[in-house]
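> Here it is, the structure, as C-alpha cells.
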Amino acid sequence: MRKHLGMGLPCLAAAVVIVVPSGPGALAAPVAGGEDVTVYVGSGGTSFAGLSGKSLLRAAGKAGLTAQSPVGSLRDAQAVLAARNTRNATIMLRGGTYTDAGVEWGPGIADGTVTVKAQPGTGPVTFDGRAAKAGYWTKVGPKSPKLNFQGPYTVKRYGDGGIKATGTKKDGPVKGLVVNRITFKQIGNAWVKGGKGYAGVHLNYVSKAKITNNSFVNLENKTVPGNTHGVYLAFNQTQKTPGSNGNLVERNTFQVISGDPVRASDGSSGNKVRKNVFRKGRDHKGKTRGNGNHGMFTYWAFPRANTCGKGGNTFSGNTYTVNYYNKKAPAVRSGSDTGRTCRSVKDGGGNTYKR
C-alpha cells in the first residue's frame with residue numbers, strides 16, 4: 001500500500017509545487033555548496049499529496065533516503081530535494097510502473113546535477129502516461145538543475161511527447177541535458193486519444209544536449225502524421241528565441257516514426273546526427289513501416305520563423321531504410337512551407353541504405 005501524508009487528495013492529483021514558492025512557509029531554495037542526496041522512488045512509496053509549506057518541508061526532509069522507505073513518484077522525490085540543501089542528487093527508480101505526467105523541473109530542486117536512473121536489480125521501470133492522456137512525461141527549463149536521465153527505463157503512452165526542454169529569452173537555453181538508454185514508445189494520437197504527438201525528445205532552444213543510446217519506437221499520429229518526430233530541434237515559439245544548437249543525436253534506434261525521425265527548424269544549427277539506426281517495424285495497425293516522409297534528418301522552414309540554419313547540421317555514419325510509406329526517401333533534406341530555399345542539413349558521409 002502506498003503511504004499518504006495528508007488526507008483528501010488522490011495520489012495523481014498531488015499539487016506539490018516543486019517550483020519553489022515564495023512567501024511565508026515556502027521551501028527555501030538550495031544554496032551553493034550543499035549536500036549530495038540520493039532519493040529512492042518506488043511505486044507504493046510515501047506520497048506528499050495534500051501537503052504544502054512547513055508541513056511539506058517537515059515530511060519531505062525525512063522521507064525517501066533509503067531503499068526501504070521510498071517515496072512514491074518523481075514529484076515526491078523533487079519535494080525531498082527541495083526540502084534539503086541539495087547540491088547534486090541521484091533519484092533511484094525501483095522496478096515498477098509509474099504514472100507521473102507533466103513533471104516540471106523548476107528552480108529550487110537542486111543547485112547542481114540531478115541524475116534519474118533505474119535502481120539495479122529491482123526489475124524494469126516503466127512510466128505509463130495513458131491516465132494523463134495528452135501532455136509530456138517531463139519538462140525541463142533553463143533554471144532547472146542540470147538533468148541527466150539515465151536508463152534503462154521506458155516512457156510510453158504519452159499523448160504529446162516524452163521530454164520537453166524549453167529555454168527562454170531571459171534565462172537563455174537549456175544546457176547540457178543528457179538522455180541516455182531510454183525507450184520512448186507508443187507516443188502520439190495513434191496511441192493516445194487527444195494527443196498532439198510532437199516528439200520523444202522535444203528541444204526548444206537547447207544547446208549541447210546529448211541524446212544517446214535511446215530507442216524511439218512507434219511514435220505515430222493518425223491525424224497529421226508528419227508532426228511526430230523522434231527528436232525535434234526547434235526554438236521557443238512563444239518568445240521567438242534562437243533555435244537549438246550544438247546538440248548530439250548518436251547511437252539511437254528509430255523504428256516506425258510517422259514524421260521525419262529527426263527534424264530541425266527555426267534556425268537550429270550545428271547539430272550532429274550520427275551512428276544511428278533507422279529500421280522497420282509494425283505500426284499501430286500491425287502494418288510494416290519505416291520512418292518519416294521527407295527524409296531521416298530534415299530541416300524545415302515555417303512561417304513562424306522563416307529562416308535557414310546557419311550550418312553544421314550533419315548526418316553521418318547512420319543506417320536507414322524506407323520511410324513510413326515504404327518508399328525510399330533521402331537521408332537528408334531541407335524544405336519549406338514558405339518558398340524559402342535552405343540547404344541546412346548536410347550528408348556527412350558513411351550512411352548506408354538498406355531496403
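The values are calculated or read from the model by the stated rules, or taken from the named source; none is laboratory data. Predicted model only: the values in this text are computed from it and were never measured. Positions of Cβ are generated from backbone atoms using ideal geometry, with glycine treated the same way; all protein chains shown enter the neighbour counts. Ligands, DNA and RNA are excluded from the accessible area calculation, which covers all protein heavy atoms including side chains. Shrake-Rupley method; radii C 1.70, N 1.55, O 1.52, S 1.80 Å.
> Sort out which residues of region 122-137 are outside any loop (DSSP other than H, G, I, E, B), under 13 Å from residue 163 (Cα atoms) and either modelled with pLDDT under 95 or of a type outside the set (Ser, Thr, Tyr) (or both), and write them in order of number.
127, 137
> Ok, one more. Taking region 311-329, which residues are over 25 Å from the mean Cα position of the chain (by Cα) and either outside any loop (DSSP other than H, G, I, E, B) or charged (D, E, K, R) (or both)?
Those that are over 25 Å from the mean Cα position of the chain (by Cα) and either outside any loop (DSSP other than H, G, I, E, B) or charged (D, E, K, R) (or both): 327, 328.
> Which condition breaks for residue 293 when tested against (1) in contact (Cβ under 8 Å) with a residue 60 or more places away in the chain; (2) of a type outside the set (Gly, Ala, Ser); (3) over 16 Å from residue 199 (Cα atoms)?
Every condition holds for residue 293 apart from (3).
> Here is a further query. Looking only at residues in region 330-350 that are part of a loop (DSSP other than H, G, I, E, B) and open to solvent by 40 Å² or more (accessible area, probe 1.4 Å), which one is nearest to residue 317 (Cα to Cα)?
Applying the filter and picking the extreme gives 350.
> Can you tell me how many residues within region 196-220 are polar (S, T, N, Q) and surrounded by 24 or more Cβ atoms within 10 Å (Cβ to Cβ)?
The number of residues fulfilling the criteria is 2.
> If you don't mind, another one. Quick one: how many residues across region 215-253 are under 17 Å from the mean Cα position of the chain (by Cα) and closer than 17 Å to residue 161 by Cβ?
20
> May I pose another question? Within region 138-176, how many residues are among the charged types (D, E, K, R), within 20 Å of residue 284 (Cα to Cα) and part of a loop (DSSP other than H, G, I, E, B)?
Result for region 138-176: 2.
> Please go through region 173-191 and give me each residue that is open to solvent by 10 Å² or more (accessible area, probe 1.4 Å) and out of contact with any Phe, Trp or Tyr (no Cβ under 6 Å at 6 or more places or on another chain), ordered by number.
Passing the criteria: 175, 176, 178, 180, 181, 183, 185, 186, 189, 190, 191.
> Just to check your reading of the model, which residue among 293, 276, 306 is of a type in the set (S, T, N, Q), at pLDDT 95 or above and out of contact with any helix residue (DSSP H, G or I) (no Cβ under 6 Å at 6 or more places or on another chain)?
Checking each option against the conditions leaves just 276.
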